[in-house]
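Asks: Structure provided below as structure tokens; questions to follow.
The values are calculated or read from the model by the stated rules, or taken from the named source; none is laboratory data. Computed from a predicted model, the values in this text were never measured in an experiment. Neighbour counts run over all protein chains shown; Cβ positions are idealised from the backbone, glycine included.
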Amino acid sequence: MPAASLLPLFGSAAGPGTLGGPAGSGAGGGGRKAAGPGAFRLTEKFVLLLVFSAFITLCFGAIFFLPDSSKLLSGVFFHSAAAGGPGSLERIRADHERALREAKETLQKLPEEIRRDIRQDKEKLLQDARGRKEAGAPGLPQRLFRQPVGAVGQEPADPDVRQRREKIKEMMKHAWDNYKRYAWGLNELKPISKQGHSSNLFGNIQGATIVDALDTLYIMEMKEEFKEAKEWVEKNLDFNVNAEISVFEVNIRFVGGLLSAYYLSGEEVFRKKAVELGEKLLPAFNTPTGIPWALLNIKSGIGRNWPWASGGSSILAEFGTLHLEFVHLSHLSGNPVFAEKVMNIRKVLNRLDKPEGLYPNYLNPSSGQWGQHHVSIGGLGDSFYEYLLKAWLMSDKTDEDGKKMYYDAVQAIETHLIRKSSGGLTYIAEWKGGLLEHKMGHLTCFAGGMFALGADGAPSDKTGHHIELGAEIARTCHESYDRTRMKLGPEAFRFDGGVEAIATRQNEKYYILRPEVIETYMYMWRLTHDPKYREWGWEAVEALEKHCRVDGGYSGLRDVYNNHESHDDVQQSFFLSETLKYLYLLFSEDDLLPFEHWVFNTEAHPLPVLHKDDGNKEENQK
Ligand code: DMJ
């Protein structure tokens, strides 16, 4: 309210005649008292009135500039029951007196007693915070947990197989114990220098190995370890950090790991953390097309793409590998937004023309146009294809769109990318603007398992063919291992210049404990029960033990063709989540995480199939 409009009010309430009263009798001053108020001339009265009203205006105006003036005004001018009512003055006095009393008491205490009180107050605050955490995330619907079929399996009947499986469990223990000893709470372990290792993929989110390993610990029945991992998640896994993260990596390892841990154990903390993290990832989709950014600051919500990615593009294998986790986030939170975001990615892709029916690895999230025409079933492309197939399987085979996209893509891959070497090895080349590069990455080896897994839904005359394709890729990838000195495969191998399944460039000779070849053995074993896949898996176990195992855990190798190990000193978190899990499953019975009830995300985190007769129809069709 403007101060000027208040002046007449004061004028009429006090009246010029009363102005001099109190002033003359008390606080006025000097000569005025002697002269008396009645002695003022009209001009003096007017000047006095002016000065006084200016003073009142000033005081009143100042109220509006005091901090939190609204509260002050409501207290001073707008007395109401809500603001405290007539009793509020007494309450303020009582509060004031209590504070004084407490201060006096504190001053009388010994320093040790004061310290103890502070400690107790701190502890209480922590307990309250923990209590709030356990109460569940606000807004999460109540959910009755039913453990999906196959979260635990039977012991292998064959004693040799049992023994081999035990050995793999011992490897997990060695990897875990050393991580715990030297890098607990950090992202990964440096097994040679025996300290933590951090990669910038997770910003300063911590504990990648713990979250990635949770479900492996669970299925291996390492109960104590699972319990300590769960406690760490409860107390320390914190997403309220100022961190720029890779949306893809955080999704497949952290969201995927937490979802699996929830579905296996039923522990609410994992559901709550998964949804909390999923919400943090949502701003990545704020682009003109809804194709998410690769990198996101989870505090500011600002995203961007890798500076090296063709003209500011997002990467196919990154934005195409969110689907399974995001559908489950909607399922567990009751919030459709997650599924909507990934369904929109599908829509954008379906609207685009594809060169020769192939999906280039780069897509600009602003223009919605493809970047460089580079197609690969290995790095930058791989898990996009995997998630099309698995989205269909996870939907209990109701996601027809995912199914069509997958089988159409495989058709184009077969026509344009799959070739046979003169020595008879089938491989998947890379495509660059129509020209083939006859190179296959270790990452591409996952495709053997994918083709075999998808065989069942392939057009009727193609089922056997897809299984066969899986078997051929498995054989080629096994050759890439067998043709090295250390019997572990290189990062990439070539089929040109007179070589087959061999790395020719120094910077492609490393092995970083990757799982893809073993993953394909596991699928091939489950789907064919051909014993050679277990034998090949066991060869890999022996090689890992001989060349990668060190006192402080497991390390990658710089050159698998060398006579002597040169360790890279990193125990990747996916060694615990994928490599060891797939090995363990290879030597388990088929009733552990059976394919009819579970699909594995690209980091080997099992997610349950949303069966339509369990009332999941809507989830599958979002
Ligand atoms: C894992 O993080 C995932 O499998 C991803 O899809 C590809 N690369 C690594 C393991 O090699």
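Asks: Can you confirm whether the range 473-487 contains a residue that is crowded, with 24+ Cβ neighbours inside 10 Å, within 16 Å of the ligand (Cβ to nearest atom), of a type in the set (Ser, Thr, Tyr) and in contact (Cβ under 8 Å) with a residue 60 or more places away in the chain?
Replies: Within the range 473-487, one or more residues are crowded, with 24+ Cβ neighbours inside 10 Å, within 16 Å of the ligand (Cβ to nearest atom), of a type in the set (Ser, Thr, Tyr) and in contact (Cβ under 8 Å) with a residue 60 or more places away in the chain.
Asks: Are any of the residues in the range 491-502 buried (at least 24 other Cβ atoms within 10 Å of the Cβ), more than 16 Å from the ligand (Cβ to nearest atom), under 25 Å from His564 (Cα atoms) and modelled with pLDDT of 95 or more?
Replies: So far as the range 491-502 goes, yes, one or more of its residues are buried (at least 24 other Cβ atoms within 10 Å of the Cβ), more than 16 Å from the ligand (Cβ to nearest atom), under 25 Å from His564 (Cα atoms) and modelled with pLDDT of 95 or more.
Asks: Give me a count of the residues in the range 136-172 that are of a type in the set (D, E, K, R) and touching a strand residue (DSSP E or B) at 6+ places or on another chain (Cβ under 9 Å). Break it down stepwise before answering.
Replies: At the first step, the residues of the range 136-172 found to be of a type in the set (D, E, K, R) are 143, 146, 155, 158, 160, 162, 164-167, 169-170.
Filter again for touching a strand residue (DSSP E or B) at 6+ places or on another chain (Cβ under 9 Å), leaving none.
Going through the range 136-172 one residue at a time, the tally reaches 0.
Asks: With respect to Thr463, determine if the residue is polar (S, T, N, Q), more than 17 Å from Ile428 (Cα to Cα) and either within 16 Å of the ligand (Cβ to nearest atom) or part of a helix (DSSP H, G or I) (or both).
Replies: On the way: polar (S, T, N, Q): yes; more than 17 Å from Ile428 (Cα to Cα): yes; either within 16 Å of the ligand (Cβ to nearest atom) or part of a helix (DSSP H, G or I) (or both): yes.
So Thr463 passes the test.
Asks: Scan the range 371-381 for residues that are outside any loop (DSSP other than H, G, I, E, B) and surrounded by 21 or more Cβ atoms within 10 Å (Cβ to Cβ) and report the count.
Replies: First pass over the range 371-381, keeping only residues outside any loop (DSSP other than H, G, I, E, B): 374-375.
Then drop every residue that is not surrounded by 21 or more Cβ atoms within 10 Å (Cβ to Cβ), which leaves 375.
Count: 1.
Asks: Right, Arg271: within 16 Å of the ligand (Cβ to nearest atom) and crowded, with 22+ Cβ neighbours inside 10 Å or not? Before you say what the answer is, go through the steps one by one.
Replies: Details: within 16 Å of the ligand (Cβ to nearest atom): no; crowded, with 22+ Cβ neighbours inside 10 Å: yes.
No; evaluated as a whole, the condition is false for this residue.
Asks: When residues of the range 191-213 are filtered for being surrounded by 22 or more Cβ atoms within 10 Å (Cβ to Cβ) and touching a His at 6+ places or on another chain (Cβ under 9 Å), how many remain?
Replies: Total meeting the criteria: 2.
Asks: Among the residues of the range 535-556, is any in a helix (DSSP H, G or I), in contact (Cβ under 8 Å) with a residue 40 or more places away in the chain, in contact with a Phe, Trp or Tyr (Cβ under 7 Å, 6 or more places away or on another chain) and among the hydroxyl-bearing types (Ser, Thr, Tyr)?
Replies: No, the range 535-556 has no match at all.
Asks: Let me ask something else. Would you say Asp569 is more than 16 Å from the ligand (Cβ to nearest atom) and surrounded by fewer than 17 Cβ atoms within 10 Å (Cβ to Cβ)?
Replies: On the way: more than 16 Å from the ligand (Cβ to nearest atom): yes; surrounded by fewer than 17 Cβ atoms within 10 Å (Cβ to Cβ): no.
The answer is no for Asp569.
Asks: Does Asp353 satisfy being touching a Lys or Arg at 6+ places or on another chain (Cβ under 7 Å) and of a type in the set (Asp, Glu)? Spell out the reasoning first.
Replies: Numbers: touching a Lys or Arg at 6+ places or on another chain (Cβ under 7 Å): no; of a type in the set (Asp, Glu): yes.
Spelling it out, it is not the case that Asp353 is touching a Lys or Arg at 6+ places or on another chain (Cβ under 7 Å) and of a type in the set (Asp, Glu).
Asks: When the range 228-249 is examined, which residues are found to be away from the ligand (no atom under 16 Å from the Cβ) and part of a helix (DSSP H, G or I)? Before you say what the answer is, go through the steps one by one.
Replies: Taking the range 228-249 as the starting set, the residues that turn out to be away from the ligand (no atom under 16 Å from the Cβ) are 228-244.
Once the filter is applied, which keeps residues that are away from the ligand (no atom under 16 Å from the Cβ) and part of a helix (DSSP H, G or I), the range 228-249 yields Glu228, Ala229, Lys230, Glu231, Trp232, Val233, Glu234, Lys235, Asn236.
Asks: Let me ask another. Return the pair list, or none, for Cβ contacts closer than 7 Å from residues in the range 450-466 that are farther than 16 Å from Asp382 by Cβ to residues that are polar (S, T, N, Q), at least 6 apart or on different chains.
Replies: Ala455/Thr463; Asp456/Thr463
Asks: A further question on this structure: Quick check on Val560: is it among the β-branched types (Val, Ile, Thr), part of a loop (DSSP other than H, G, I, E, B) and buried (at least 23 other Cβ atoms within 10 Å of the Cβ)?
Replies: Details: among the β-branched types (Val, Ile, Thr): yes; part of a loop (DSSP other than H, G, I, E, B): yes; buried (at least 23 other Cβ atoms within 10 Å of the Cβ): yes.
Judged against the criteria, Val560 is a match.
Asks: Would you confirm whether any residue within the range 163-186 is over 22 Å from Leu592 (Cα atoms), crowded, with 20+ Cβ neighbours inside 10 Å and within 12 Å of the chain's Cα centre (by Cα)?
Replies: No, every residue in the range 163-186 fails to be over 22 Å from Leu592 (Cα atoms), crowded, with 20+ Cβ neighbours inside 10 Å and within 12 Å of the chain's Cα centre (by Cα).
Asks: A further question on this structure: Restricting to the range 489-522, what's the tally of residues that are part of a loop (DSSP other than H, G, I, E, B) and of a type outside the set (S, T, N, Q)? Steps first, please.
Replies: Of the residues in the range 489-522, the ones part of a loop (DSSP other than H, G, I, E, B) are 489-491, 495-501, 503-505, 509-510, 512-515.
Keeping just the survivors that are of a type outside the set (S, T, N, Q) gives 489-491, 495-501, 503, 505, 509-510, 512-515.
Adding up the residues that qualify gives 18.
Asks: Show me the strands (runs of 3 or more DSSP E) entirely contained within the range 384-459 in which 1 or more residues are surrounded by fewer than 24 Cβ atoms within 10 Å (Cβ to Cβ) and acidic (Asp, Glu). Spell out the reasoning first.
Replies: On the way: elements: 418-420, 426-428, 430-432, 435-437, 439-441.
So the answer is 430-432, 435-437.
Asks: Which residues, taken from the range 543-581, are among the β-branched types (Val, Ile, Thr) and farther than 12 Å from Leu513 by Cα?
Replies: Quick first cut of the range 543-581, residues among the β-branched types (Val, Ile, Thr) only: 550, 560, 570, 579.
Across the range 543-581, the qualifying residue is only Val550.
Asks: Scan the range 203-219 residue by residue and report those that are within 20 Å of Pro191 (Cβ to Cβ) and among the aliphatic types (A, V, I, L, M).
Replies: Filtering the range 203-219 for residues within 20 Å of Pro191 (Cβ to Cβ) gives 206-213, 216-217.
Within the range 203-219, Ala208, Ile210, Val211, Ala213, Leu217 meet the criteria.
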